[in-house]
Amino acid sequence: MSTNRIDAYKTVPEAMQALMAVEEHLKKSGLERSLVELVKMRASQINGCAFCLDLHSRDARNNGETEKRLYLLSAWRESSLYSEREQAALAWTESLTLISQNHAPDTVYERVREHFNDQELVNLTLLITQINAWNRFAIGFRYEHP
């Protein structure tokens, strides 16, 4: 990829501060840190965001995530390494990340509702929305990964 196109932080700092405020909310949302990082990783895999994959794989490892679970994340359906709650969150992540293809089917919604209360589901949906926004900034403006 080419070098950065625009530095959004310098160009419209108040917009980026708003995104960072959402990050602060999500840190206090009560969602498990391991789940948060898996969701960020899975959406970033789907979107092909090298910058975010690099960042969140490091964050996940720093929070105790295993290499094996990170390696198998794209094939989570075929692995017993993920809890039912994590699987429901990953299905919801894929559904919302690929919203134009599937429009969040009732079956996926019903599955995630079995594992998340109203507040958790709103925060999970915000998390998915947020990482998709970050992916679009990183890919669109060609953020370089270290």
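A few notes on this one:
- Look at segment 134-146: where a residue is at positive phi and a partner is of a type in the set (A, V, I, L, M, F, W, C), sitting 6+ places away or on another chain with Cβ atoms under 8 Å, you get 142/1.
- Subset of segment 60-78 (residues that are surrounded by 15 or more Cβ atoms within 10 Å (Cβ to Cβ) and acidic (Asp, Glu)): 65
- Selected residue (only one of 142, 58, 136, 77 is under 30 Å from residue 10 (Cα atoms), more than 16 Å from the chain's Cα centre (by Cα) and not β-branched (Val, Ile, Thr)): 142
- Scanning segment 106-124 for any residue that is β-branched (Val, Ile, Thr) and either modelled with pLDDT under 95 or within 20 Å of residue 55 (Cβ to Cβ) (or both) turns up nothing.
- Residue within segment 8-25 that is in contact with a Cys (Cβ under 8 Å, 6 or more places away or on another chain) and either assigned to a helix (DSSP H, G or I) or loosely packed, with under 15 Cβ neighbours inside 10 Å (or both) present: no
- Looking at 53, 90, 31, 35, just one residue is touching a residue at least 24 places away in the same chain (Cβ under 8 Å), crowded, with 17+ Cβ neighbours inside 10 Å, part of a loop (DSSP other than H, G, I, E, B) and under 13 Å from the mean Cα position of the chain (by Cα), and that residue is 31.
- For the condition under 22 Å from residue 133 (Cβ atoms) and aromatic (Phe, Trp, Tyr), residue 92 qualifies.
- In segment 7-27, the residues that are modelled with pLDDT under 95 reach residues that are part of a helix (DSSP H, G or I) with C-beta atoms within less than 6 angstrom, at least six apart or across chains, in these pairs: 8/16; 8/137; 9/16.
- The residues on offer are 125, 129, 107, and the sole one that is without any contact (Cβ under 8 Å) to a residue 60 or more places away in the chain, of a type in the set (Val, Ile, Thr) and either within 14 Å of residue 47 (Cβ to Cβ) or in a loop (DSSP other than H, G, I, E, B) (or both) is 129.
- Filtered residues of segment 61-87 (kept if in contact with a Phe, Trp or Tyr (Cβ under 8 Å, 6 or more places away or on another chain) and in a loop (DSSP other than H, G, I, E, B)): 82
- With respect to the conditions (1) at pLDDT below 95; (2) part of a helix (DSSP H, G or I), residue 143 lacks only one, and its number is (2).
- Summed over segment 78-119, the residues that are more than 16 Å from residue 37 (Cα to Cα) and among the β-branched types (Val, Ile, Thr) give a count of 4.
- The condition of being of a type outside the set (S, T, N, Q), surrounded by fewer than 20 Cβ atoms within 10 Å (Cβ to Cβ) and closer than 21 Å to residue 27 by Cα does not hold for residue 81.
The values are calculated or read from the model by the stated rules, or taken from the named source; none is laboratory data. Since this is a predicted model, take the numbers as computed values, not measurements. With ideal geometry, Cβ positions are generated from the backbone for all residues, glycine too; neighbour counts draw on all protein chains shown.
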